[in-house]
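The values are calculated or read from the model by the stated rules, or taken from the named source; none is laboratory data. Note that the structure is a prediction, hence the values are computed from the model and not measured. Note: ideal-geometry Cβ built from the backbone for every residue, glycine included; neighbour counts use all protein chains shown.
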Amino acid sequence: MLGFILRRLLWMFPSFFAVTVVAFVIIQLPPGDFVTSYAADLATSGSPADSATLDALRLRYGLDQPMVVQYFTWVGNALKGDLGMSFEYRSPVSDIIWDRLGMTTLVAFCTLAFVWLVAFPVGIFSAVRQYSIGDYVVTFLSFLGMATPSFLLALVVMYLSVEFLGYSVGGLFSPDFVNAPWSFARVIDLVQHLWIPVVVLGVAGIAALVRIMRANLLDELGKPYVETGRAKGLPETTLILRYPTRVALNPFISTVGWVLPVLVSGDVIVSSVLSLPTSGPILIQALKTQDMYLGGALIMFQCVLVLIGTLLSDILLAFVDPRIRYDN
Amino acid sequence: MTTSPATLPEAETPAAGAVTPQRDSASQWRLMWWQFRRHRLAMASTYVLLFIAIVGIFCEFLAPFSPNAFTPRYTYAPPQRLHFFDSDEAGSLVFRPYVHGYKVTIEQTALRRVFTIDENVKYPVGLFVKSDPYPMWGGLFTLETKLFGPVKKGDPMFLLGADRLGRDMLSRITYGTRISMSIGLVGVALSLVLGIILGGISGYKGGMIDNVIQRVIEFILSLPTTPLWLGLAAAMPNNWPPLRIYFAITLILSLIGWTNLARVIRGRFLSLRTEDFVTAARLDGASEPRIIFRHMAPSFVSHIIAEVSLAIPAMILAETALSFLGLGLQPPIVSWGVLLQEAQNIRSIVTAPWLFAPGVAVVIAVLALNFVGDGLRDAADPYRQ
Amino acid sequence: MTSVPPMPPQENDIVVEVKDLSTWFDTGKQVIKAVEDLNLTLRRGRTHCIVGESGSGKSITARSILNIVPKPGRIMKGQVLLHGAGAGREVIDLAALDPKGRQIRSVRGRDISMIFQEPMSSLSPVHTIGQQIMETIQLHRRIGKKEARERAIEVLAQVKIPRPERSIDAYPFEFSGGMRQRAMTAMALICEPKLVIADEPTTALDVTTQAEILDLMKGLQQRHGMALMFITHDMGVVAEIADDVTVMYMGEVVEHGPVNDIFFAPKHPYTQRLLASVRALERRSHRAGPAPKLSNDDAILEVSNVSMNFEARRRFFSRAPKEPPVKALDDVSFTLKRGEVLGIVGESGSGKTTLGRCVLRVLDPSSGRIVFKGRGAEPADLAALPKSAVKPYWRKMRMIFQDPFSSLNPRMTVFQVIAEPLLNHGMTDRRALEAEVAGLLERVGLPREAMWRYPHAFSGGQRQRIGIARTIALRPELIVADEATSALDVSLRAHMLDLLLGLCREFEMSFIFIGHDIGVIRYMCDRVAVMHRGRIVEIGDTDTVCDRPSHAYTRSLISAIPKPDPRLRGKTQRIRYTSEVEG
């Protein structure tokens, strides 16, 4: 068990390394470097920077060095907490992103919990009542859920709220609380707003997981150990919950590995529709204006978030599945 | 899907007892077709997809107007109902399609134009109507006829409403079909090439190469795709011509989308490699290419077709999302995602809910592809016990 | 094993009585009558064997008794009377109860329990053995957790699981197949039921493990005095344990009676045929004739000191030292003479299949020599040849596979399958190919038209014939047949073996016949090699090895085989080979 966790933790290093490479490549892709863009930006705003400042910036970020060196300078700086400058915001990237990433994490994990809480029982229902009316309804809804882009759903929710409630449901806080310090009332306000993005984001995930849970459980329901349980005299409900469901739970847990990327992906788009204070809107803004240090850092941290989520689910899986626990 | 016995073809009754000679000499494709035909939703979806394909291929001819023809007079004009029957002079109903005109009033407080349908005005609508000359299939030849449209050139006909610039939504969606569907197809084709090469090598060679490719795939799968797509798309220079952007976007989509196909192909190769009949083929003296193409390929082509049809929706959804955010295709290219950009702000969708129409097209296309993919997957192995 | 004469039947001994039971499966397209008008009486202290080939309805009978028939099956009519249930000792009709109701559930596991065929999948993989055993008794008796655990340890000891105090917390995947079947037995026994139903409990096990489980069940039955309903397809097992026998065929009982009557005075032609085909495999085939006199220098194949290792997979970042490679073959040597049929016998994991594939160079041996001497050709060491240079030899050395389903490509017609080797070796004229394939089909007993059909049109036995036609298409000199008959029902085996023997003599082929079934080996082979853990422990004339084995492992293997003759019951001394420790 300990060996498994240790090995799994060690695997994080190459993954982190690869993520930083991906982020760095994205930062470097647009033509021209950061300082050129910065200079051009200043020039258009009418206060051209002097070349000494620009050279100092070049030196600081090692832009005159070969790519490999630049990469290591960037990673080194990042480890020290310096993620470069955002020329849109005219401030260091690290000042901008943490609040936003915190909100992204909150939304992603709340949605994950919601997705699981709904998909698990619905999937069980759909499998146990295979080919019933209820199963057909669930199946059709899950296909529909998988076919609807989350941003479209967000738009529809917005439209409906304006049309029928008379106000817009965007944001995570009421106007009074947007800039207020954290308090109990602010938390309540957050919870009141949070459910809409959670539901909108969760639909596609729920739809996919219901299909998976149903398929897994149908596989397990046909296994001989279910018959063993029945021959013991177990009541049907206990039997299904205690045996096949328990076994089907394991592949279900490992779906975190792909649900989380989907959620973080969805967050990027949905949050810009619902104007949530998560990392999505500023990422899109940054990418549109090719503010690459900001964009690269956000992409990197979103990937890291997913990697950590996957790590946690793998460790959880090792706790519940003896076959992994003992397989050393 | 349960099917009543009455609708079953004779040859489908299971093997026990009465086996028909027809089934005995049925090839895998025939068996699969019999199996697929039983999946009603998949069959219905196949017809939907055929319709979508026809719309995409003949969009110039099918769309009543050019997608970029604008009439500022009809900004946000609501959809009209198409009436098929009209009473003639004698008072009896005859088939003579028409639409009503609009009455425009200016709302004083919001300074907004409000359209109402004017029952008194009728604009006749006809089949094969004359239009301005337009190039078909990128200028291969020029046509001057549209399948349908207002009989008199210049009459307003907005069956799905008009957008901010008074452009006909129906025509724009029709044109968008071609771009959105083809991005899905081309993107999947590129993914498939990558998937076959990398997955094939991985599964057939095994060993260290397999290990490396698998780790790479696992890594890519663990990343959130949209930010990566956005990041790559954002790197495109703004001044690229539309066609180059189109191909760049498809390339970006397939760069990240190949992993699942590669996994499926590898899995098939691995399980087939150890099948007895493949060993038997080797002992029969078959050459390596013959083993792969004659003995192994027929067993997984069907699975790959199923997986491909399930991968297209993901591509379409991704393109829609990218374009919606303004980082994918750019106007004047018309795709469903580009059209949905118009629906981005809440004011416009409250004014003109028909701007959602391209979204409905996306949902229908994706749904149909998923159902067909599901049916194909069920039918992909007709020999499963 | 000690044999106690079974108690004479008495009226009040009846535990379960099945009357006119019919269980049908309505698939919507057709109705399959899995069990039809079945009558059965199960008595205390007696073992009742239900015997029949695949698809005869024996398993459905068992499930009907417990009222756990899988969908879309349904008990259509009849009664399953459980005598002396509950405090009132009344008679209940189980078939009439609600299959999900409380009353039938209190019978399952308490009065009637069941042991299933697949020890691998019949236990939940994510619960400990103890949890699964204790659950049964906690369901049916008011009993504390601690007490239940003590009781579970007690039954685990009864089924001879070593260190029951520790094994109780083990997971099924830590157990071998035999151990799992013991755990299943413990689970079935914990409530001391009146009837235990065992559905092919030893079919998935090796023959030595089977012998242990059979002895265990017999012993437990004598100790607890319950009724045992034992389902099997193996007449040897029937002869070994049955007091009463019911023979089923296509969902119906064709004959029932005491074991001796069934074996020595069978009335129904089906029973007679079944026994005949089983007994046929008790001696050498009439077609085999006396072992051909062969001189030592006329060897077609000389295998010397062949070893093969499977490298243990090493994990990234694993701190554990690299495991030693698994020795699949360990210094194997033998000689095959021209025209000889050599049997290779062993249990699963003994390396017999690996050896067969190494001989053909489908697998690569790690060391040793495999010298093949074709007719009119120079001897060649196949082990030393590069992979690409082996191919020409595959014309002379061919293989018959075990599984008639996976060895034929379902997507090719029979013609394409059989013509493939001919095509690859230069016969391209379509008409000549058709004529050749037709001839081959005829030779293996299939009609000419068969060539235009796909494999799914054929039964297992017919498919195996198609496989044989493909194998002999090139007139090979050596055939390696890997368990060529074990996927077939017993009544088909002798026919298939006769076909092979005929071909062997006709084309003057040599055979390596790999199998786990001594009966098949004895029927077919001139000589036999016994394999155990990658080594050949004994090799010699078939009669010598089978009747007077010299190695301890061979003795234990031979002694474990159930003989289809109830008179021999208890007369064979079971020998346990101790070098192998289970678990």
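Out of all the residues in region C:349-408, which are over 32 Å from the mean Cα position of the chain (by Cα), surrounded by fewer than 17 Cβ atoms within 10 Å (Cβ to Cβ) and in a loop (DSSP other than H, G, I, E, B)?
Of everything in region C:349-408, those that are over 32 Å from the mean Cα position of the chain (by Cα), surrounded by fewer than 17 Cβ atoms within 10 Å (Cβ to Cβ) and in a loop (DSSP other than H, G, I, E, B) turn out to be C:375, C:376, C:377, C:378, C:379, C:385, C:386.
Name the residues in region A:166-196 that are over 17 Å from residue A:102 (Cα atoms) and assigned to a loop (DSSP other than H, G, I, E, B), would you?
A:166, A:167, A:168, A:169, A:170, A:174
Check region B:106-119 and report whether any residue there is assigned to a strand (DSSP E or B), modelled with pLDDT under 90 and crowded, with 18+ Cβ neighbours inside 10 Å.
So far as region B:106-119 goes, yes, one or more of its residues are assigned to a strand (DSSP E or B), modelled with pLDDT under 90 and crowded, with 18+ Cβ neighbours inside 10 Å.
Output yes when any residue across region C:194-216 is assigned by TED's automatic domain parsing to the domain that holds residue C:23, small (Gly, Ala, Ser), more than 18 Å from the chain's Cα centre (by Cα) and within 28 Å of residue C:20 (Cβ to Cβ), and no when none is.
No, region C:194-216 contains no residue that is assigned by TED's automatic domain parsing to the domain that holds residue C:23, small (Gly, Ala, Ser), more than 18 Å from the chain's Cα centre (by Cα) and within 28 Å of residue C:20 (Cβ to Cβ).
From the list C:170, C:183, C:188, pick out the single residue that is outside any helix (DSSP H, G or I) and in contact (Cβ under 8 Å) with a residue 40 or more places away in the chain.
C:170
For region B:21-65, enumerate the residues that are surrounded by fewer than 15 Cβ atoms within 10 Å (Cβ to Cβ) and not in a helix (DSSP H, G or I).
Selection gives B:27 alone.
Any residue at all in region A:157-165 that is surrounded by 19 or more Cβ atoms within 10 Å (Cβ to Cβ), assigned to a helix (DSSP H, G or I) and facing another protein chain (nearest Cβ under 10 Å)?
Scanning region A:157-165 turns up at least one residue that is surrounded by 19 or more Cβ atoms within 10 Å (Cβ to Cβ), assigned to a helix (DSSP H, G or I) and facing another protein chain (nearest Cβ under 10 Å).
Could we say that residue C:420 is within 10 Å of chain B (Cβ to nearest Cβ), among the acidic types (Asp, Glu), touching a residue at least 40 places away in the same chain (Cβ under 8 Å) and more than 28 Å from residue C:334 (Cα to Cα) here?
yes
Within region B:212-240, which residues are more than 8 Å from chain A (Cβ to nearest Cβ) and either in contact (Cβ under 8 Å) with a residue 60 or more places away in the chain or assigned to a loop (DSSP other than H, G, I, E, B) (or both)?
If the condition is that a residue be more than 8 Å from chain A (Cβ to nearest Cβ) and either in contact (Cβ under 8 Å) with a residue 60 or more places away in the chain or assigned to a loop (DSSP other than H, G, I, E, B) (or both), then B:229, B:236, B:238, B:239, B:240 are the ones that fit.
Listed here are the residues, each with its yes/no results for (1) at the interface with another protein chain (Cβ under 9 Å from one of its Cβ atoms); (2) of a type outside the set (Ser, Thr, Tyr); (3) touching a residue at least 24 places away in the same chain (Cβ under 8 Å).
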{"site": "A:243", "(1), (2), (3)": "yes, no, no"}
{"site": "A:263", "(1), (2), (3)": "yes, yes, yes"}
{"site": "A:271", "(1), (2), (3)": "no, no, yes"}
{"site": "A:275", "(1), (2), (3)": "no, no, yes"}
{"site": "A:301", "(1), (2), (3)": "no, yes, yes"}
{"site": "A:322", "(1), (2), (3)": "yes, yes, no"}
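Please verify whether residue A:148 is at pLDDT 90 or above, farther than 30 Å from residue B:354 by Cβ and surrounded by 19 or more Cβ atoms within 10 Å (Cβ to Cβ), treating the condition exactly as stated.
Criteria not met by residue A:148.
Can you tell me which condition residue C:190 does not meet? The list is (1) β-branched (Val, Ile, Thr); (2) surrounded by 23 or more Cβ atoms within 10 Å (Cβ to Cβ); (3) within 24 Å of the chain's Cα centre (by Cα), and all the others hold.
Exception for residue C:190: condition (3).
How many residues, within region B:343-360, are in contact (Cβ under 8 Å) with a residue 12 or more places away in the chain and either within 11 Å of chain A (Cβ to nearest Cβ) or in contact with a strand residue (DSSP E or B) (Cβ under 9 Å, 6 or more places away or on another chain) (or both)?
Residues meeting the conditions: 10.
Looking at region B:313-333, can you tell me whether even one residue there is under 30 Å from residue C:455 (Cβ atoms), in contact with a Gly (Cβ under 8 Å, 6 or more places away or on another chain) and in a helix (DSSP H, G or I)?
For region B:313-333, residues under 30 Å from residue C:455 (Cβ atoms), in contact with a Gly (Cβ under 8 Å, 6 or more places away or on another chain) and in a helix (DSSP H, G or I): absent.
Across region A:122-141, which residue is farthest from the chain's Cα centre (by Cα) among those that are at the interface with chain B (Cβ under 10 Å from one of its Cβ atoms) and either over 19 Å from residue A:219 (Cα atoms) or not in a helix (DSSP H, G or I) (or both)?
A:131
Residues checked against (1) surrounded by fewer than 16 Cβ atoms within 10 Å (Cβ to Cβ); (2) at pLDDT below 90:
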residue: C:7; (1), (2): yes, yes
residue: C:21; (1), (2): no, no
residue: C:35; (1), (2): no, no
residue: C:39; (1), (2): yes, no
residue: C:42; (1), (2): no, no
residue: C:46; (1), (2): no, no
residue: C:50; (1), (2): no, no
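So is residue A:296 facing another protein chain (nearest Cβ under 10 Å), over 11 Å from the mean Cα position of the chain (by Cα), crowded, with 24+ Cβ neighbours inside 10 Å and of a type outside the set (Val, Ile, Thr) or not?
yes
Read through the list (1) part of a helix (DSSP H, G or I); (2) within 30 Å of the chain's Cα centre (by Cα), then give the number of the only condition that residue A:83 fails.
(1)
Conditions (1) on the phi > 0 side of the Ramachandran plot; (2) among the basic types (Lys, Arg); (3) modelled with pLDDT under 85, marked per residue:
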residue	(1), (2), (3)
A:229	no, no, no
A:242	no, yes, no
A:254	no, no, yes
A:279	no, no, no
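Mind checking which strands (runs of 3 or more DSSP E) fall wholly inside region C:48-128 and carry at least 3 residues that are within 14 Å of chain A (Cβ to nearest Cβ)?
Those strands (runs of 3 or more DSSP E) span C:73-85, C:112-115.
Under 30 Å from residue A:144 (Cα atoms), out of contact with any Leu (no Cβ under 6 Å at 6 or more places or on another chain) and among the aromatic types (Phe, Trp, Tyr), is that true of residue B:47?
yes
Looking at region A:170-196, which of its residues are at pLDDT 80 or above and either outside the structural domain of residue A:160 (by TED's automatic domain parsing) or of a type in the set (Val, Ile, Thr) (or both)?
A:187, A:188, A:191, A:196
Only one residue in A:104, A:73 is surrounded by 14 or more Cβ atoms within 10 Å (Cβ to Cβ) and within 23 Å of the chain's Cα centre (by Cα), so which one is that?
On inspection, the qualifying residue turns out to be A:104.
Assigned to a helix (DSSP H, G or I), aromatic (Phe, Trp, Tyr) and more than 24 Å from the chain's Cα centre (by Cα): is that true of residue A:225 in this structure?
Against the criterion (assigned to a helix (DSSP H, G or I), aromatic (Phe, Trp, Tyr) and more than 24 Å from the chain's Cα centre (by Cα)), residue A:225 qualifies.
Considering only residues that are buried (at least 18 other Cβ atoms within 10 Å of the Cβ) and at the interface with chain C (Cβ under 8 Å from one of its Cβ atoms), look in region B:283-325 and name the one that is modelled with the lowest pLDDT.
B:299
Step by step: first the residues of region B:139-180, then only those that are among the acidic types (Asp, Glu) and within 16 Å of residue B:68 (Cα to Cα), then the one that is nearest to the chain's Cα centre (by Cα). Which residue is that?
Here the residue is B:168.
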